[in-house]
1. Considering 92, 97, which residue is more than 22 Å from residue 31 (Cα to Cα), open to solvent by less than 80 Å² (accessible area, probe 1.4 Å) and either part of a strand (DSSP E or B) or among the polar types (S, T, N, Q) (or both)?
2. Which residue pairs have Cβ atoms under 9 Å apart, sit 6 or more places apart or on different chains, and have a first residue in the range 3-19 that is within 13 Å of residue 77 (Cα to Cα) and a second that is surrounded by fewer than 10 Cβ atoms within 10 Å (Cβ to Cβ) and not aromatic (Phe, Trp, Tyr)?
3. How about the range 1-34: which of its residues are surrounded by 13 or more Cβ atoms within 10 Å (Cβ to Cβ) and among the basic types (Lys, Arg)?
4. Answer yes or no: is there a residue in the range 127-134 that is hydrophobic (A, V, I, L, M, F, W, C), open to solvent by 50 Å² or more (accessible area, probe 1.4 Å), in contact with a strand residue (DSSP E or B) (Cβ under 9 Å, 6 or more places away or on another chain) and within 24 Å of residue 82 (Cα to Cα).
5. In this structure, does residue 91 turn out to be modelled with pLDDT of 95 or more and over 24 Å from residue 21 (Cα atoms)?
6. Just to be sure, is residue 81 of a type in the set (A, V, I, L, M), over 22 Å from residue 157 (Cα atoms) and under 16 Å from the mean Cα position of the chain (by Cα)?
Amino acid sequence: DLFFDAPWVAKAERIAADDALARLLAWQRAHTSRQVLGTEVAFTVDVEAGGEPISLRGSVDRLELDGDRLKIIDFKTSRQAPPAARVVTHEQLGLYQLAAQQGAFDDLAPGVRSVADAELVFLRVQDGEAPWPKVLRQSSLDDVPHPGGEHLDHPTWVHARLAEAARIVRRGEFPAIA
């Protein structure tokens with residue numbers, strides 16, 4: 001049961017949770033061709049960005065083998081999906097893809113470091129008339145390392161973002177920006 005101060009909120013949230021679960025099950029039934037390697041798969045991997053060593057740690061909601069490529073699936077429970085254009089450089093998916101390219105999942109798929117398109121699956125958002133959730137895709141880092149032709153001085157757009165983040169953190173100054 002879901003507990004909230006107002007009974008009507010609890011009932012509405014219970015209905016939303018049941019609907020999200022039904023969408024997840026429909027989505028899973030529609031994607032039986034891919035091999036599930038794991039869920040909540042923890043990883044730690046070292047990468048280099050901008051000449052700096054960076055350690056990435058996290059966990060992916062679902063890791064699949066799609067042909068000969070790793071596929072990252074991230075489930076979201078937000079009430080709205082962002083515009084598809086924002087997913088092109090969605091940092092979380094990008095970092096997961098980079099981790100996969102760097103061997104973070106070698107224990108589950110030895111030698112497989114090529115990545116397929118990654119997906120954000122919005123469980124609380126129905127995809128039109130279909131019974132499954134809204135799915136937004138991010139192009140594979142292998143196929144589109146520089147969307148929009150930016151950051152060509154780095155191996156991928158993710159490396160560029162990591163290098164910038166590392167530079168800010170190492171500088172130790174965090175000015176407030178309105």
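1. 92
2. Listed pairs, sorted by first residue: 16/79.
3. Across the range 1-34, the qualifying residues are 14, 23, 34.
4. yes
5. When the stated conditions are applied, residue 91 passes them.
6. Spelling it out, residue 81 is indeed of a type in the set (A, V, I, L, M), over 22 Å from residue 157 (Cα atoms) and under 16 Å from the mean Cα position of the chain (by Cα).
Results for (1) touching a His at 6+ places or on another chain (Cβ under 6 Å); (2) farther than 19 Å from residue 89 by Cα, shown as yes or no for each residue.
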{"residue": "116", "(1), (2)": "no, no"}
{"residue": "120", "(1), (2)": "no, no"}
{"residue": "131", "(1), (2)": "no, yes"}
{"residue": "138", "(1), (2)": "yes, no"}
{"residue": "148", "(1), (2)": "no, no"}
{"residue": "153", "(1), (2)": "no, no"}
{"residue": "166", "(1), (2)": "no, no"}
{"residue": "170", "(1), (2)": "no, yes"}
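The values are calculated or read from the model by the stated rules, or taken from the named source; none is laboratory data. Note that this is a predicted model, so its numbers are computed, not measured. When we count neighbours, we look across all protein chains shown, and the Cβ atoms used for this are built from the backbone with ideal geometry, even at glycine. Note: accessible area is taken over every heavy atom of the protein model, side chains too, but ligands, DNA and RNA are not part of it. Shrake-Rupley method; radii C 1.70, N 1.55, O 1.52, S 1.80 Å.
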